Each structure stands twice: as structure tokens, then as C-alpha cells.
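Below are the C-alpha cells for one structure; questions will follow.
The values are calculated or read from the model by the stated rules, or taken from the named source; none is laboratory data. This is a predicted model, so every value here is computed, not measured. Note that we place each Cβ from the backbone using ideal geometry, even for glycine, and neighbour counts take in every protein chain shown.
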Amino acid sequence: MILYAESSAVLAWLLAQEHAAEVGNILAEAELILSSDLTLLECERVLVRGSATGELSEGEVTNRQVILRTAAQHWMLLGFTPAVIERAQRPFPNEPVRTLDALHLAFALEAKRIIPEVRLLSLDRRIWETARQLGLELTPQQ
């Protein structure tokens, strides 16, 4: 399976939240994982916020950063391009769509353009609804 890993799924796995084991298994079994600078940025910001609010200790933050960065070394990362930004600016089938969701959807569409059999790995219901209408294959099955 080839995946585009979106932040909601990566964070669930990284923070051992609900569905972490399922997402971890999907990531482990993937033939190739694509993700984006946005996913890494969002994950890093959640860790910084967790430290600032006391929800995560410095040690927990450092450990999770190492896990994320180690995993991401094996991922194909998509950067912000004019095409991704332009697609995120246009309407989606299931408006209203939040800005970061629009960017993730645009990245997933770019991943599909590069590798047509890519599946979107997401736990976000809003992203799922719009992605389905865009013709993206989704995982995990909900």
C-alpha cells in the first residue's frame, strides 16, 4: 500500500491516542509513505504546545521528536509548491473546508498525481468526507 499520511493519523500514532496501534500497523505495512512539510510542521507544533502546557514532559517531547524525525527520513515529503497552494485556494466539493484541511487535501491530490494508487491515511472526518468526493482512496476504513 502507498500512503499519503495526514497529520491527524500521524499525531494519533505519535501521541499513542485512540487508533494509534491501527495507524502504526498501517504505517509499518506501507510500501511507500508520502507526507508533507505541513504534516511535520503540525506534528512539531503539537509537541511544542504539549510541552508549553505541561501535557508532555521535555523527555516525552524529545522522544516523540526522535520517533517522528526517524520515521520521516523514510517518507517522501512533498513541499509547498505553487500548484499545491493554488489547489488549496480553490473550492472543494464539501465546503466549508478549513485552510489546513484544504492544504492536506491539495497535498493528497498532488500525491495522487505523482502515484495514482496512493491512499489517504487520515482520521479526520471532515477530510474524509471531502477526500471521498474528490475520488481519493482512504484508510483506515471507518
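Kindly establish whether Pro93 is over 24 Å from Ile2 (Cα atoms), surrounded by 12 or more Cβ atoms within 10 Å (Cβ to Cβ), in contact (Cβ under 8 Å) with a residue 40 or more places away in the chain and not polar (S, T, N, Q).
So Pro93 passes the test.
I'd like the residue in segment 114-131 that is of a type in the set (Lys, Arg) and modelled with pLDDT under 95 and, out of all such residues, is farthest from Glu95 (Cα to Cα).
Arg125
Moving on to the next point. State the number of residues belonging to segment 71-105 that are in a helix (DSSP H, G or I) and under 17 Å from Ala9 (Cβ atoms).
Here is the first cut: in segment 71-105, the ones in a helix (DSSP H, G or I) are 71-72, 82-89, 99-105.
Of the ones still in play, those that are also under 17 Å from Ala9 (Cβ atoms) are 71-72, 100-101, 103-105.
Count: 7.
Something else about it: Have a look at Val61, Val10 and point out the one that is surrounded by fewer than 20 Cβ atoms within 10 Å (Cβ to Cβ), of a type outside the set (Phe, Trp, Tyr) and in contact (Cβ under 8 Å) with a residue 12 or more places away in the chain.
Val61
Inside segment 115-133, can you point out the residues that are more than 19 Å from Trp13 (Cα to Cα) and either assigned to a strand (DSSP E or B) or in contact with a strand residue (DSSP E or B) (Cβ under 9 Å, 6 or more places away or on another chain) (or both)?
Within segment 115-133, Ile115, Glu117, Val118, Ala131, Arg132 meet the criteria.
Mind telling me which of the residues Leu34, Leu56, Leu38 ends up being crowded, with 19+ Cβ neighbours inside 10 Å, touching a strand residue (DSSP E or B) at 6+ places or on another chain (Cβ under 7 Å) and either within 19 Å of Ala108 (Cα to Cα) or free of Cβ contacts under 8 Å to residues at least 12 places away in the same chain (or both)?
That would be Leu34, the only listed residue that is crowded, with 19+ Cβ neighbours inside 10 Å, touching a strand residue (DSSP E or B) at 6+ places or on another chain (Cβ under 7 Å) and either within 19 Å of Ala108 (Cα to Cα) or free of Cβ contacts under 8 Å to residues at least 12 places away in the same chain (or both).
When segment 65-96 is examined, which residues are found to be over 16 Å from the mean Cα position of the chain (by Cα) and within 21 Å of Arg113 (Cα to Cα)?
Of everything in segment 65-96, those that are over 16 Å from the mean Cα position of the chain (by Cα) and within 21 Å of Arg113 (Cα to Cα) turn out to be Thr81, Pro82, Ala83, Ile85, Glu86, Arg87, Gln89, Arg90, Pro91, Phe92, Pro93, Asn94.
While we're on this one: For segment 68-97, which residues satisfy the criterion of being touching a helix residue (DSSP H, G or I) at 6+ places or on another chain (Cβ under 7 Å) and among the charged types (D, E, K, R)?
The answer is Arg87, and nothing else.
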